[in-house]
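Values quoted throughout were computed directly from the atomic coordinates according to the rules given, and no laboratory measurement underlies them. From a predicted model like this one, the values you see are computed outputs, not experimental measurements. Using ideal geometry, Cβ is built from the backbone for each residue, glycine included, and neighbour counts are taken over all protein chains shown.
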Amino acid sequence: MTSPIDAGALTRVYRTHQLGTVAELVVTNSGDLFDASELLNRELERIDRVASRFRADSELTALNAAAGTDVPVSEDLYEAVDTAIRMAEATEGLVDPTIGHALESLGYDRDFQDVAPGVAGTMPAPCPVPGWRAVGMDPQHRIVTVAPGCTLDLGATAKALAADKAAATIHEHLGCGVLVSLGGDASVAGPPPTGGFAIGVADSCRSLTPAQTVAVFSGGLASSGIDTRRWRLDKTMVHHIVDPTTGLPATPCWRTVSVAAANCVQANAASTAACIMGTSAVEWLEARRLPARLVGRDGTVHCTSAWPCSDEAAAS
Amino acid sequence: MCVSEFVSTLTRMVEARESNPSQVRRAAALRRDRALSRVSGITAGIGIASVAGLGMIGFYVAKAFPGHQYAHPTTPSAGTSSTNVAGGVEQNTGATGNTGVGGQGITPPPTAPQSTPVAPPVTSGAS
């Protein structure tokens with residue numbers, strides 16, 4: 001069922017800066033925007049308090065500090081860790097939450113805004129991360145056990161999870177159709193407007209205008225790219241998408257990968273995995289029938305068969 | 001009298017051994033083989049009982065310690081607010097398209113995205 005609201009009439013957007021990124025909110029009933037923004041802020045504060053690696057008072061920080069012991073955790077953190085583990089399994093270990101130490105070795109040990117200007121240090125030697133199987137989960141007692149020496153980073157999944165949960169909560173409470181976007185990771189819930197929620201897809205973070213606009217009716221759409229979070233580690237440019245097999249930034253192959261999936265968490269995991277696996281990403285995405293748009297380093301656009309390719313991409 | 005009977009018995013034994021040494025050897029071999037067979041059976045029984053006992057001990061020890069094996073929860077995958085309670089699952093789906101499909105893997109959206117000429121209020125991939 002779709003609401004009679006024309007997608008083109010959805011021009012009111014609530015924007016805020018949370019979780020180190022831009023949070024955007026669109027609802028099919030403009031009268032619900034204020035209440036929806038309250039619910040969104042509440043969800044963002046909750047995920048930050050639970051899953052931030054940079055907050056000394058976050059539950060994740062406490063869990064990492066207690067590595068090697070069985071730690072009873074809250075329902076929220078358990079869900080966040082469980083989500084990360086599921087996506088690690090679904091991506092055959094490519095999107096792995098045990099990259100915390102690797103990121104710290106690359107200088108990403110604080111909020112990105114403090115890292116972006118550059119950090120001192122030397123490139124670490126290649127070293128595989130511990131792997132998602134180093135995390136023990138006891139659902140019955142809600143206990144998480146992180147292996148000694150292992151540090152969790154939930155950045156690859158927590159933001160998308162927050163988008164999914166915020167969208168679901170807003171729809172549940174207000175009944176309207178809703179689009180929540182956190183740094184470009186978008187989740188849609190409830191009845192979409194006629195023609196769907198319009199989401200622009202950019203070729204890179206330096207693009208002033210989107211390269212293509214698609215209408216999303218359900219699920220999630222997320223983009224990953226090595227250009228979005230880059231910084232200088234001494235004289236070397238590094239980025240935040242870590243290859244778990246080396247503990248180092250993944251070899252650049254795609255500038256940006258945008259994927260649509262059943263929800264934002266899955267879309268984000270797929271786009272991140274594609275950035276890591278390189279040229280085999282198209283086949284991997286096609287095998288899962290995922291709509292995806294991949295932009296090469298030279299600007300060449302590749303689309304999977306489920307993606308509504310524009311004329312430019314069809315010709316490439 | 002007893003001594004003489006003892007000596008005569010010994011004498012007869014020596015005479016019997018000397019008269020048929022091959023029979024004596026065969027009998028000794030038979031006795032040895034029967035004894036070895038008994039020992040072998042007893043050893044096998046001890047081995048089987050040990051393995052079975054260790055297996056049972058290991059089973060109970062594994063049950064006694066929680067949380068050291070990754071147990072795949074029975075709740076749906078990410079995107080839902082869910083509580084995994086022993087013996088049951090609570091799931092708050094709340095919204096179309098946000099529920100994890102199948103609980104595992106990555107799956108396409110229920111409705112594929114479509115091209116649209118509408119100006120987008122948000123953009124993905126630009127930040």
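Using a 4.7 Å Cβ cut-off, which Cys residues in chain A lack a partner cysteine?
A:Cys127, A:Cys150, A:Cys176, A:Cys205, A:Cys253, A:Cys264, A:Cys275 - these cysteines have no disulfide-compatible partner (Cβ-Cβ under 4.7 Å) in chain A.
Which length gain, in nm to one decimal place, applies between A:Met237 and A:Ala62 when the Cα-Cα distance is subtracted from 0.36 nm times their residue separation?
59.9 nm
Give the long-range amide H neighbours of A:Leu248: residues separated by 5 or more places, or on another chain, with amide H under 5 Å away, using H modelled in the peptide plane at 1.01 Å from N.
The answer is A:Cys127, A:Asp243.
In peptide A:67-80, what is the residue-averaged number of other protein chain Cβ atoms found within 10 Å of each Cβ?
2
Take A:Arg49 and B:Ala49, extend 7 Å from each Cα along the Cα→Cβ direction, and tell me the distance between the two endpoints in nm.
6.1
Would you grab the residues whose amide H sits under 5 Å from the one on A:Gln18? Only those 5+ places off in sequence or on another chain, please, with H modelled 1.01 Å from N.
It is A:Ala23, by chain and number.
What residues qualify as long-range amide H neighbours of A:Thr256, i.e. H under 5 Å apart, gap of 5 or more or another chain, H built at 1.01 Å from N?
Close amide H contacts, sequence-distant or interchain: A:Val295.
Give me the distance between the Cα centres of segment A:104-126 and segment A:40-100, rounded to whole Å.
Between the Cα centre of segment A:104-126 and that of segment A:40-100, the gap is 21 Å.
What is the distance, in nm, between label points placed 7 Å from the Cα along the Cα-to-Cβ direction at A:Glu286 and at B:Arg34?
Each label point is offset 7 Å from its Cα along the Cβ direction, giving 7.9 nm.
Within segment A:114-214, which trypsin sites (Lys or Arg not before Pro) sit in a loop by DSSP and count at most 15 neighbouring Cβ atoms inside 10 Å? Numbers along the way, then the final one.
Working: sites: A:Arg133, A:Arg142, A:Lys159, A:Lys165, A:Arg206; in loops: A:Arg142, A:Arg206.
Passing both the DSSP loop test and the Cβ count: A:Arg206.
Which ³J(HN,Hα) values in Hz, rounded to whole numbers, follow from the phi angles of segment A:88-100 under the Karplus curve 6.51 cos²θ - 1.76 cosθ + 1.60, where θ = phi - 60° and Gly and Pro get x?
With coefficients 6.51, -1.76 and 1.60, one gets 4, 5, 5, 9, 6, x, 6, 9, 10, x, 8, 8, x Hz.
Note the full-extension length gain between A:Asp227 and A:Gln113 as 0.36 nm times their separation in residues minus their Cα-Cα distance, in nm to one decimal. Don't skip to the end; give the middle numbers.
On the way: separation 114, 0.36 × 114 = 41.04 nm, distance 1.46 nm.
Full extension of this stretch gives 39.6 nm more.
How would A:Arg297, A:Arg288 line up from fewest to most surrounding beta-carbon atoms within 10 angstrom?
A:Arg297, A:Arg288
Kindly provide the GluC sites (Glu not before Pro) of segment A:32-136 that DSSP labels as loop, not H, G, I, E or B, and whose Cβ sees at most 12 other Cβ atoms within 10 Å. Present the calculation step by step, with values, prior to reporting the outcome.
Details: sites: A:Glu38, A:Glu43, A:Glu45, A:Glu59, A:Glu75, A:Glu79, A:Glu89, A:Glu92, A:Glu104; in loops: A:Glu92.
In loop regions of segment A:32-136 (DSSP not H, G, I, E or B), the sparsely surrounded GluC sites (Glu not before Pro) are A:Glu92.
Step through the residues of segment A:137-147 one at a time and calculate ³J(HN,Hα) from phi using the Karplus curve (6.51 cos²θ - 1.76 cosθ + 1.60, θ = phi - 60°), rounding each to whole Hz and writing x for Gly and Pro.
My calculation for segment A:137-147 gives 10, 10, x, 5, 9, 6, 10, 10, 10, 9, 4 Hz in order.
Tell me, what ³J(HN,Hα) does each residue in segment A:167-174 have, in order and in whole Hz, if you take phi through Karplus 6.51 cos²θ - 1.76 cosθ + 1.60 with θ = phi - 60° and put x for Gly and Pro?
In residue order, the calculated couplings are 4, 5, 5, 4, 5, 4, 7, 10 Hz.
Using a Gaussian network for chain A with springs between C-alpha atoms less than 10 Å apart, which of these wobbles most: A:His101, A:His17, A:His141?
A:His141
For A:Cys127 and A:Thr245 in one chain, what is 0.36 nm times their gap in residues minus the Cα-Cα distance, to one decimal in nm?
Working it through step by step, the gained length comes to 41.8 nm.
Can you tell me, using C-alpha contacts under 8 Å and at least 6 residues apart, the relative contact order of chain A as a whole percent?
Values: 687 pairs, mean separation 56.0, N = 316.
About 18 percent, as a whole number.
Gaussian network model of chain A, Cα springs within a sub-10 Å range: biggest mean-square fluctuation belongs to which of A:Val22, A:Val146, A:Val259?
A:Val22
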